[in-house]
Amino acid sequence: MKKIVVPGELITEQRKKMGEHVYSFNGKIYSDVIGITDNESAFASVVPLKGCYIPKYGDIVIGLVVTELFSGFLVDIGSFSLCFMSKEGIREPLKRGSVVSVRVSKVNELNEADLSEPRVFYGGEIYSISPVKVPRIIGKNGSMLEVLRRGTNTNFIVGRNGRVWAKGGNIQLLFKAIKKIEEESHLPNLTNKMSEFLLKEKK
Amino acid sequence: MTKEEKKVYVNKKGLRLDGRKIDELRPLTIKAGVLKNAKGSCYLTWGQNKVLVSVQGPREVLPKHHSDPLKAIVKFNYRMAAFSVPDRKNPKPGRRDIEISKVCGEALEKAIMLEKFPNTQIEVWAQVLDSNAGSRVAVLTAASVALADAGIPMKDLVTAVAVGRAGGKIILDLNKEEEDAPDAVDMPIALMTSAKEIVLLQMDGLFSKTEWDEAYELAAKALEQIKEKQVQALKEQFLQESMETETKEKIKAEVQ
């Protein structure tokens, strides 16, 4: 059964493998963040309901080029500090103010990331949500993405840092739907609800 | 003052000046997530005390030389509004504001998992809007809720309460009148309740050993109640949201 836990709340007294956002104390496992836990799963872990973005290797994120340096660019991806992207092997015409989707190619122990593989966006709109809600927008195997894409006919990309870039189609409806997902991310059966919501709104 | 006029802090029925029992808290309400622009926030009323706490971060440390490459630093800002006391309070941070900022920040450092965010700072802004004794415990209780609301990993919520003595009796959660008693002792205490780890302990006045034991027991009991309210405030946000959408859907269905 799933339940909401707060920091310091007991998750289990059994011996279990420890997943994310838990810690053990005196042989018991506690949550360290406000989130949802599933006590039937083999792992003791918490899916956070609130939090900030910490770069991870391989993430695709949406960022803004802030400065150009001699050998690279500094990109704001909504992390703790600006991230460096080397100019080596980049063909895109980047400049200050470009909006790009980039891949995190390296993260050090201070959570500072190096970026690569930029893709420049021209036009479109950006909407920001909490980074912890991104998995709900993607859904299981991208099911929610498919629902949104079909429902709104927009071309959009979701970054792991919680930024959504969209162009074409019904952008207002897409952002409305994403806002609804963010508000109800802790409730079950969201994909079906969203397809119904989009159908209703279209009429 | 003659003998007849002396204040009776705890009367024969065991009631205090404001009608509370010796182990009774002032009415406490906590609401989390009240500010949209802050990462996390909390509004708390505790008797006459009203405090608003917001949390920003973790973010880049400024000035940069304050940063610690091994852990995050906590910047706690306790400020009292000019209108929070009967006379005007000079809004300039005084000795007391700086001290409370320091002790509360250090208390929270024990609870937050700082090593997860090296080279960053977590800012806590606590504003006291109205006060009547015990504002530091109110602020600390609210701050831990705001931190949890911001999604910052913590070992446990920090829960605080004040115990003390007035008129020779050990009482819980003193108000200003009791704090000004001639034999008054005031002891704010903050705990991480599940591990029973004390993170803040100050004392104004002196307790005997037996009085201390009694006071600690009283505080420990009260902290359980306060912790319950904190947890409830954090969970309520999500329950409310789901209820709101449900009712919205119901209304829509009815209209259609």
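Among the residues of region B:26-56, those identified as touching a helix residue (DSSP H, G or I) at 6+ places or on another chain (Cβ under 7 Å), closer than 29 Å to residue B:220 by Cβ and either surrounded by fewer than 17 Cβ atoms within 10 Å (Cβ to Cβ) or not hydrophobic (A, V, I, L, M, F, W, C) (or both) are B:31, B:33, B:40, B:41, B:49. For region A:165-174, check the following and say yes or no: at least one residue is under 29 Å from residue A:38 (Cβ atoms), aliphatic (A, V, I, L, M) and touching a residue at least 40 places away in the same chain (Cβ under 8 Å). No - not one qualifying residue is present in region A:165-174. Candidates are the residues of region A:57-67 that are more than 11 Å from residue A:98 (Cα to Cα) and not small (Gly, Ala, Ser); the one that is surrounded by the most Cβ atoms within 10 Å (Cβ to Cβ) is A:61. If you scan region B:57-111, which residues turn out to be crowded, with 17+ Cβ neighbours inside 10 Å, within 14 Å of chain A (Cβ to nearest Cβ) and either on the phi < 0 side of the Ramachandran plot or part of a helix (DSSP H, G or I) (or both)? Matches in region B:57-111: B:58, B:59, B:61, B:67, B:71, B:72, B:73, B:108, B:110, B:111. Report whether or not residue A:73 is surrounded by 12 or more Cβ atoms within 10 Å (Cβ to Cβ) and more than 27 Å from residue B:73 (Cα to Cα). So residue A:73 passes the test. Residues in region A:126-172 that are under 17 Å from the mean Cα position of the chain (by Cα), among the charged types (D, E, K, R) and surrounded by fewer than 16 Cβ atoms within 10 Å (Cβ to Cβ): A:140, A:146.
Table: residues versus (1) hydrophobic (A, V, I, L, M, F, W, C); (2) at pLDDT 90 or above; (3) on the phi < 0 side of the Ramachandran plot.
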| residue | (1), (2), (3) |
| --- | --- |
| A:104 | yes, yes, yes |
| A:122 | no, yes, yes |
| A:150 | no, no, yes |
| A:162 | no, yes, no |
| A:167 | no, yes, yes |
| A:175 | yes, yes, yes |
| A:183 | no, no, yes |
| A:187 | yes, no, yes |
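Here is a yes/no grid of residues against (1) within 14 Å of chain A (Cβ to nearest Cβ); (2) outside any helix (DSSP H, G or I); (3) surrounded by 13 or more Cβ atoms within 10 Å (Cβ to Cβ); (4) at pLDDT 85 or above:
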residue: B:221; (1), (2), (3), (4): no, no, no, yes
residue: B:224; (1), (2), (3), (4): yes, no, no, yes
residue: B:232; (1), (2), (3), (4): yes, no, yes, yes
residue: B:244; (1), (2), (3), (4): yes, no, no, no
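One residue is enough: does region A:119-131 have a residue meeting the conditions touching a Cys at 6+ places or on another chain (Cβ under 7 Å) and either of a type outside the set (A, V, I, L, M, F, W, C) or farther than 30 Å from residue B:233 by Cβ (or both)? Yes - at least one qualifying residue is present in region A:119-131. Mind checking whether some residue in region B:143-152 is touching a strand residue (DSSP E or B) at 6+ places or on another chain (Cβ under 9 Å) and free of Cβ contacts under 8 Å to residues at least 60 places away in the same chain? For region B:143-152, residues touching a strand residue (DSSP E or B) at 6+ places or on another chain (Cβ under 9 Å) and free of Cβ contacts under 8 Å to residues at least 60 places away in the same chain: absent. Within region A:46-82, count every residue that is more than 13 Å from chain B (Cβ to nearest Cβ), touching a Ser or Thr at 6+ places or on another chain (Cβ under 7 Å) and of a type in the set (Ser, Thr, Tyr). Adding up the residues that qualify gives 1. Could you grab me the full set of residues in region B:131-168 that are assigned to a loop (DSSP other than H, G, I, E, B), within 14 Å of chain A (Cβ to nearest Cβ) and not small (Gly, Ala, Ser)? Passing the criteria: B:152, B:153, B:155, B:156, B:157.
Per-residue answers, yes or no, for (1) out of contact with any Pro (no Cβ under 8 Å at 6 or more places or on another chain); (2) crowded, with 21+ Cβ neighbours inside 10 Å; (3) more than 10 Å from chain B (Cβ to nearest Cβ); (4) over 17 Å from residue B:111 (Cβ atoms):
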position: A:4; (1), (2), (3), (4): yes, no, no, yes
position: A:12; (1), (2), (3), (4): yes, no, yes, yes
position: A:16; (1), (2), (3), (4): yes, no, yes, yes
position: A:19; (1), (2), (3), (4): yes, no, yes, yes
position: A:23; (1), (2), (3), (4): yes, no, no, no
position: A:33; (1), (2), (3), (4): no, yes, no, no
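Of the residues making up region B:157-203, just one is farther than 29 Å from residue B:232 by Cα, hydrophobic (A, V, I, L, M, F, W, C) and buried (at least 24 other Cβ atoms within 10 Å of the Cβ), namely B:166. Listed by position, the strands (runs of 3 or more DSSP E) inside region A:40-103 whose residues that are outside the structural domain of residue A:9 (by TED's automatic domain parsing) and over 30 Å from residue B:235 (Cα atoms) number at least 1 are A:60-68, A:72-76, A:83-86. Can residue B:118 be described as under 23 Å from residue B:62 (Cα atoms), in contact with a helix residue (DSSP H, G or I) (Cβ under 9 Å, 6 or more places away or on another chain) and not in a strand (DSSP E or B)? For residue B:118, the condition - under 23 Å from residue B:62 (Cα atoms), in contact with a helix residue (DSSP H, G or I) (Cβ under 9 Å, 6 or more places away or on another chain) and not in a strand (DSSP E or B) - is not met.
The values are calculated or read from the model by the stated rules, or taken from the named source; none is laboratory data. The structure displayed is predicted, hence computed values, not measured ones. Neighbour counts run over all protein chains shown; Cβ positions are idealised from the backbone, glycine included.
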